[in-house]
Every structure is written in structure tokens, then in C-alpha cells.
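The values are calculated or read from the model by the stated rules, or taken from the named source; none is laboratory data. For clarity, every value in this text was computed on a predicted model and none was experimentally measured. Cβ sites come from the backbone with ideal geometry, for glycine too, and all protein chains shown count toward neighbours. The accessibility values were calculated without ligands, DNA or RNA, using every heavy atom of the protein model including side chains. Shrake-Rupley method; radii C 1.70, N 1.55, O 1.52, S 1.80 Å.
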Amino acid sequence: QGERVGLLGKNGAGKTTLFHILTGEMDYDAGHVSVAPGRRIGLISQIPVYPEGFTVEDVLRTAFSRLQAMAEEMEQLAARMAEGETGPEVLRRYGQLSERFEAFGGYDTDVAVNKVANGLSIDQNMRSQLFDSLSGGEKTRVALAKMLLTAPDLIILDEPTNHLDLNAIHWLEGYLAQYNGAVLIVAHDRYFLDKIVSKVIEIRQ
């Protein structure tokens, strides 16, 4: 936690393959991959397909599906309590959910979305557009924003600056420098790596 690692190696050395092994998308021939229970890994390996009519705003909000599920359960418990069901189990569960909802930023999702979207140059006009109408580069930028909003324990970035303008790159540098989790980056932008990483791992043969 807190480590920012640059992963370097010649083209074809296996950097992207390693990423897919870490996330469980690809099997491996030997060795072991150990991820602590409950830890989440964020990687943009391919742009997911969303329901027809989904706007960019809708896509960004899917980052909070965990919080939405908590909020729905809290509403159901609140309705039961309003009808007079005040047993210790109901009260305890509501208290647990309320604490977790607040700890995970459930009351600040609008602030989080605005911060990340503005930082990655996703303006209000773009946020109202249909996700399917975006270019490939724009979809990747939105996917990056959504992944950051999910706040995984390990962020994996494969050439993250390819689809960002200078302002967005500068913002991402600052965001990652202060990120609480771990960050693993492949990038050919040496300046970007120098601003962020504290350790370099080379893949060779």
C-alpha cells in the first residue's frame, strides 16, 4: 500500500501479460499470485459494453454500485423501522451500513465525480453525451475516470497518458502522487514516471 511502481521492459517482454495475470484474466505457467482477501485491483483491459442509452454520466456513476446497494438496503431498513420494527438486529445492521456508507464517501459522490471528471477534461457537455457516441480515446478516458472513482487497492495503468491532454496528465500526476493505495504503471513517458514512481521493476527474458 502506498507504493508507486514503474514496470519497464522492451516491447513483447510481457508487461501487459503480467497485468492480466495479476487481475486473473490470464492463467500462468508457474509461480504464485497472492492477493490479500478483499483487495480490489483496477485495470482498464478493454472498454466494457454498457446498456443502450447510457450517458457518460451514467457510466461514471456505475463506480458507486457498492454504495447504491448500501443505500437501497438502508432505505428498506428505514421503512421497516418506520413501521415499528425496531429489533436489535435491524438497528445493528442499519448502524453498520450507515458507518460504511459514510466511510466510503457515500455522501460525497457528487464531489468525487466532479473532481475526477474535471481533472481528466471530461466537461459537462461530454458528460451528457451517449457513451456509445464517443471516440475510442474518449471512451478510454471515461473508463479511466470510472476506475479512479472506484478507488481500488491497486491501480494498474498501461500507457495512461496516451489519450490525455497536458492538463489532464498534470492532474493525474498529482492524483496518483497522493493516492492511498498502490499504483503500478507502464509508460514510455519518462517525465510522467519520474514525477510519480518511487520504484522501478524491469521485465527481461
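Considering only the stretch 158-167, state which residues are buried (at least 16 other Cβ atoms within 10 Å of the Cβ) and either at pLDDT 95 or above or of a type in the set (D, E, K, R) (or both).
Asp158
Are there helices (runs of 4 or more DSSP H) fully within the stretch 1-119 with at least 2 residues that are open to solvent by less than 60 Å² (accessible area, probe 1.4 Å) and within 22 Å of Leu154 (Cα to Cα)? List them. I'd like the intermediate steps shown before the answer.
Numbers: elements: 15-22, 56-61, 65-82, 88-103, 109-119.
Per the criteria, 15-22, 56-61, 109-119.
Go through the stretch 126-148 residue by residue and tally those that are among the hydrophobic types (A, V, I, L, M, F, W, C) and more than 25 Å from Tyr191 (Cα to Cα).
Here is the first cut: in the stretch 126-148, the ones among the hydrophobic types (A, V, I, L, M, F, W, C) are 126, 130-131, 134, 142-145, 147-148.
Next, only the ones that are more than 25 Å from Tyr191 (Cα to Cα) stay: 126, 130-131, 134.
Summing the residues that are among the hydrophobic types (A, V, I, L, M, F, W, C) and more than 25 Å from Tyr191 (Cα to Cα) in the stretch 126-148 gives 4.
For the stretch 112-131, does any single residue satisfy the condition of being at pLDDT below 90 and under 30 Å from Gly2 (Cα atoms)?
As a first pass, look at the stretch 112-131 and keep what is at pLDDT below 90: 112.
Filter once more, keeping what is under 30 Å from Gly2 (Cα atoms): 112.
Scanning the stretch 112-131 turns up at least one residue that is at pLDDT below 90 and under 30 Å from Gly2 (Cα atoms).
Looking at the stretch 62-109, which of the residues that are basic (Lys, Arg) and touching a helix residue (DSSP H, G or I) at 6+ places or on another chain (Cβ under 7 Å) is farthest from Met147 (Cα to Cα)?
The first filter runs over the stretch 62-109 and keeps only residues basic (Lys, Arg), leaving 66, 80, 92-93, 100.
Next, from what is left, pick out any that are touching a helix residue (DSSP H, G or I) at 6+ places or on another chain (Cβ under 7 Å): 80, 93, 100.
Details: Arg80: 35, Arg93: 29, Arg100: 20 Å.
Among those residues, the one meeting the criterion is Arg80.
Going by what's in this entry, would Arg190 be described as open to solvent by 80 Å² or more (accessible area, probe 1.4 Å), more than 20 Å from Val49 (Cβ to Cβ) and touching a Lys or Arg at 6+ places or on another chain (Cβ under 9 Å)? Quick ask: steps written out before the conclusion?
Values: open to solvent by 80 Å² or more (accessible area, probe 1.4 Å): yes; more than 20 Å from Val49 (Cβ to Cβ): yes; touching a Lys or Arg at 6+ places or on another chain (Cβ under 9 Å): no.
No, not satisfied.
With the condition kept exactly as written, say whether any residue in the stretch 5-14 is touching a helix residue (DSSP H, G or I) at 6+ places or on another chain (Cβ under 7 Å) and basic (Lys, Arg). First the steps, then the outcome.
Pass one, the stretch 5-14, residues touching a helix residue (DSSP H, G or I) at 6+ places or on another chain (Cβ under 7 Å): 6-7, 9.
Those left that are additionally basic (Lys, Arg): none.
No, because not a single residue in the stretch 5-14 is touching a helix residue (DSSP H, G or I) at 6+ places or on another chain (Cβ under 7 Å) and basic (Lys, Arg).
Are any residues in the stretch 119-147 in contact (Cβ under 8 Å) with a residue 40 or more places away in the chain, out of contact with any strand residue (DSSP E or B) (no Cβ under 9 Å at 6 or more places or on another chain) and polar (S, T, N, Q), and if so, which ones?
Ser121, Thr140
Quickly run through the stretch 159-191 and pick out the residues that are touching a helix residue (DSSP H, G or I) at 6+ places or on another chain (Cβ under 8 Å), farther than 18 Å from Gly137 by Cβ and not aliphatic (A, V, I, L, M).
Result: Glu173, Tyr175.
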